[in-house]
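The structure appears right after this line, and notes come after that.
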Amino acid sequence: MPSTEISLNAAVLHDLEAAIQHEWLVTNGIGGYASGTVTGINTRRYHGLLVAALNPPLGRTVMLAKADEVVSVADQTFELGANEFQPDVIHPQGFALLNAVHLEGQVPVFSYHVGQNVLEKRIWMAHGQNTTYVAYTHRSGAEPLGLTIRLFTALRDFHGLTRGSDHTRPVVTIHDTTYATVVSNEIEPQLHLILAEGGGFEAREEWYWNYVYRVERERALDFTEDLYHPLDCTVELAPGESTCLVASAEPLESIERDAPRALHEEQERIAALLRQAAIDPLDDPMGAQLVVAADQFLVERTLAEGEQSLTVIAGYPWFGDWGRDAMISLPGLTLATNRSDAARGLLRTFAAYVSEGMIPNRFPDAGEVPEYNTVDATLWYFQALHVYLEETRDYKLLRELLPVLKDIVRHYHSGTRYNIHVDPADGLVWAGEPGVQLTWMDVKAGDWLPTPRIGKPVEIQALWYNALRLLECWCNAAEEPVEEIPGWRAMIEQHFMERFWHEEGGYLYDVIDGPDGNDPALRPNQVFALSLPYTLVPDDKAQQVLSVVTETLFTPVGLRSLAPGDAQYRGYYGGSLWDREGSYHNGTVWSWLIGPYLDALLRYDNDKAVARAVLEGLVAQMTDGALGTISEVFDGDPPHAPRGCYAQAWSVAEVLRHWRALEV
């Protein structure tokens, strides 16, 4: 197991406002997860000990919301749980008994001091199953501990909230001393609860009212919920003894009841990932943690013909699998971890869904029809394949995909969905329709698009040009005709700089030929014109762009999405939906952009010391925010607090890609 570098001490844990910012995440490889704050207080509707993916990798359902423990020692009672209720009540306050929290791989370990004794708790999931294990060990002390675990269920879609009533009361059945079930009329399947030998269940069947989820409140969303308390389980632990609660949505016969065996399997799985990545956790504990974090986003998906393959969960807790995120993340998640088979699976997965020359933007939570509202995801596919081929020389896969790649290019040139087409006057890609968001700056609130970017976005031209150059090379290597491709790319070479260079600013326009003409907003999208393998920008102009981006957009945690001097700039990502969406790409920092920024920096300055220092700042976020992973976004203004999803695939992937390349 990795030598842990991800830990929190008592000084942090006893400070509620500091501790409650730290979250933990455990995943199961099929889209399900367990998550919470280190305090034990759920601050999001998405927190839960078992959030099952009932239609993997989606259909995520909060089955077991939380467990609050009570420990009795002689004549003393210690409550280890913690909750926030209306109006502004924290009860109980078990975090005051926490002495330490650390990660072992992805497994969070909580150490509680109860009198003169130490009780240790571990939480993990069975890989490939919707099954969570919560294990308790009487780690030190001479007195036996009486442990009562109060269980709370939600039994709802993870986007929703539960309102308690007699009409929504789940059915609780205690089958024997070690096995009980909770069944809801709203959710299938039933929740299985299994306790180790020596314990027992006791029915409670009552509602707890008005839990407060403070992050939802900060996001100006509904933030209160009622949870059902179906039963308690009790056990006595002598010094050195352990017990385990198992919560599962799987068929009973498939659940591993031997907790030590289940933990050993998870530990061995993580150890195998690190061996495959050729990383020694003793020499590089943070690199090892990045490898573990990367694995959390790779999940199984069943293809249309029933074949099992892979996809990428874009971010926890709420994102599903997105084509753009998968392609951008592929090099870091798979190739930087020596998982070329996973990369091949991802490439084949999305090739299977190509339609009208486009890969899906995302697979919806409900239903099986993918959405294709993206102009860049398909072009990122070429980049992902390029990196894969550079690593593996897998020309068998290339030959398999060449017809798909040619079809994509033909559709882009002649026209496909959302008015995506090549302008015959300059060879550049024009895209957009009113009310549709197509680039990675794709935020939409109702009918409002804060960053519509209709026209010819700069990064799309860079991606399109690189796709043409790559396909030309691949066709030549396969001795297949390249058709019109050389003429198309030559036209781009002729017109790109004359159309995109913003002389007054000394950088590239963000979008040209839009409804309002050319957009001079200073955004990070121009970095891709410098970072991709084939650049259209002369070295002197590239140096100017890099200098401007560094001075205005660079932060220790990524690049701002808009320069602070712009009238549309917003330095805080929070508040109502409209506030958040308005700032999402108008100043908010995106950590994944550190990847292309470092590509450009290393290409033009080759300053590896600076690159390493940048990475160190981002890796620090694995302790400052959610433990062992990296957030989606950060405030544009200092101190750049983490926001959005607390674990984001492309954030981890781009940091890991450079971490390994630079041999930090």
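The values are calculated or read from the model by the stated rules, or taken from the named source; none is laboratory data. Being a predicted model, the structure only gives us computed values, none of them experimental. Neighbour counts are summed over all protein chains in view; Cβ atoms, including those assigned to glycine, are modelled from backbone coordinates with ideal geometry. Calculation scope for accessible area: heavy atoms of the full protein, side chains included, ligands and nucleic acids excluded. Shrake-Rupley method; radii C 1.70, N 1.55, O 1.52, S 1.80 Å.
Would you mind getting the accessible area per residue of segment 186-314, heavy atoms of the protein chains only, 1.4 Å probe, in Å²?
43 Å²
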Taking amide H atoms as placed 1.01 Å from N in the peptide plane, list the residues 5 or more away in sequence, or in a different chain, whose amide H sits under 5 Å from that of Val557. none
Taking a ≥ b ≥ c as the square roots of the eigenvalues of the Cα gyration tensor, with a/c under 1.5 meaning rounded and otherwise prolate when a/b exceeds b/c and oblate if not, segment 435-567 is prolate
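If I stretch the segment between Ala352 and Asp579 completely, what's the gain in nm (0.36 nm per residue apart, minus their alpha carbon distance), one decimal?
On the way: separation 227, 0.36 × 227 = 81.72 nm, distance 3.78 nm.
Fully extending the segment from Ala352 to Asp579 adds 77.9 nm.
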Surface accessible to a 1.4 Å probe, Met491 within the full protein complex, Å²: 60 Å²
Got a number for the accessible area of Trp659? Probe 1.4 Å, square angstrom, nearest 10. 10 Å²
How much length, in nm to one decimal, is gained on full extension between His159 and Trp209, taken as 0.36 nm per residue of separation minus their Cα-Cα distance? 16.1 nm
Return the sequence-ordered ³J(HN,Hα) values of segment 221-227 in whole Hz as given by the Karplus equation 6.51 cos²θ - 1.76 cosθ + 1.60 applied to θ = phi - 60°, using x for Gly and Pro. 10, 4, 9, 10, 8, 9, 10
Run the numbers for Glu391 and Glu503: contour at 0.36 nm per residue of separation, minus the present Cα-Cα distance, in nm. 36.4 nm
Which one, Ala293, Gln437, Thr588, is farthest towards the positive end of the dipole of the chain when Lys and Arg carry +1 and Asp and Glu -1 on their Cβ? Gln437
Protection-proxy order for peptides 86-96, 127-137, 591-601, each taking the mean of Cβ atoms within 10 Å per residue, highest first: 591-601, 127-137, 86-96
Taking the Cβ-Cβ separation of Glu202 and Asp407 as r and a Förster radius of 41 Å, what is the calculated FRET efficiency to the nearest 0.05? 0.05
May I ask for the longest run of the chain untouched by GluC sites (Glu not before Pro) that are loop-located per DSSP and have at most 14 neighbouring C-beta atoms (other than their own) within 10 Å? 1-185
Using 1/(1 + (r/R0)^6) with R0 = 45 angstrom and r between the beta carbons of Glu663 and Glu493, what's the FRET efficiency to the nearest 0.05? 0.80
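I need the calculated FRET efficiency for the pair Lys608 and Tyr534, taking r as the beta carbon distance and R₀ as 30 Å, to the nearest 0.05.
Numbers: r = 23 Å, r/R0 = 0.77.
After rounding to 0.05, the efficiency reads 0.85.
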Across the Cα atoms of segment 83-183, what radius of gyration and what greatest pairwise Cα-Cα distance (Dmax) are found, in Å? 16.9, 47
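Would you please classify the overall shape of segment 538-664 from the alpha carbon gyration tensor, given that a ≥ b ≥ c denote the square roots of the eigenvalues, rounded means a/c under 1.5, and beyond that prolate means a/b larger than b/c while oblate covers the rest?
In terms of gyration-tensor shape, oblate.
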Could you run the Karplus curve 6.51 cos²θ - 1.76 cosθ + 1.60 with θ = phi - 60° over segment 423-436 and give me ³J(HN,Hα) per residue in whole Hz, x for Gly and Pro? 6, x, 6, 9, x, 8, 7, 9, 8, x, 9, x, x, 10
Could you pull out every residue, at least 5 positions away or on a different chain, whose amide H is within less than 5 Å of the one on Asn99? Hs are placed 1.01 Å off N in the peptide plane, and Pro or chain starts have none. Ser111, Tyr112, His113
State the percentage of accessible surface on segment 302-451 attributable to carbon and sulfur atoms; use a 1.4 Å probe and exclude ligands, DNA and RNA. 50 percent
Keeping every protein chain present and rolling a 1.4 Å probe, give me the accessible area per residue for segment 446-517 in Å². 42 Å²
What is the local net charge at Tyr573, summed over the other residues whose Cβ is closer than 12 Å to its Cβ (Lys, Arg +1; Asp, Glu -1)? -1
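Taking square-rooted eigenvalues a ≥ b ≥ c of the alpha carbon gyration tensor, is the chain rounded, prolate or oblate, where a/c under 1.5 means rounded and, failing that, a/b exceeding b/c means prolate?
On the way: a/c = 1.96, a/b = 1.85, b/c = 1.06.
Verdict is prolate for the chain.
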Any idea what the relative contact order of segment 550-664 is, in percent, if you count C-alpha pairs under 8 Å spaced at least 6 apart? 26 percent
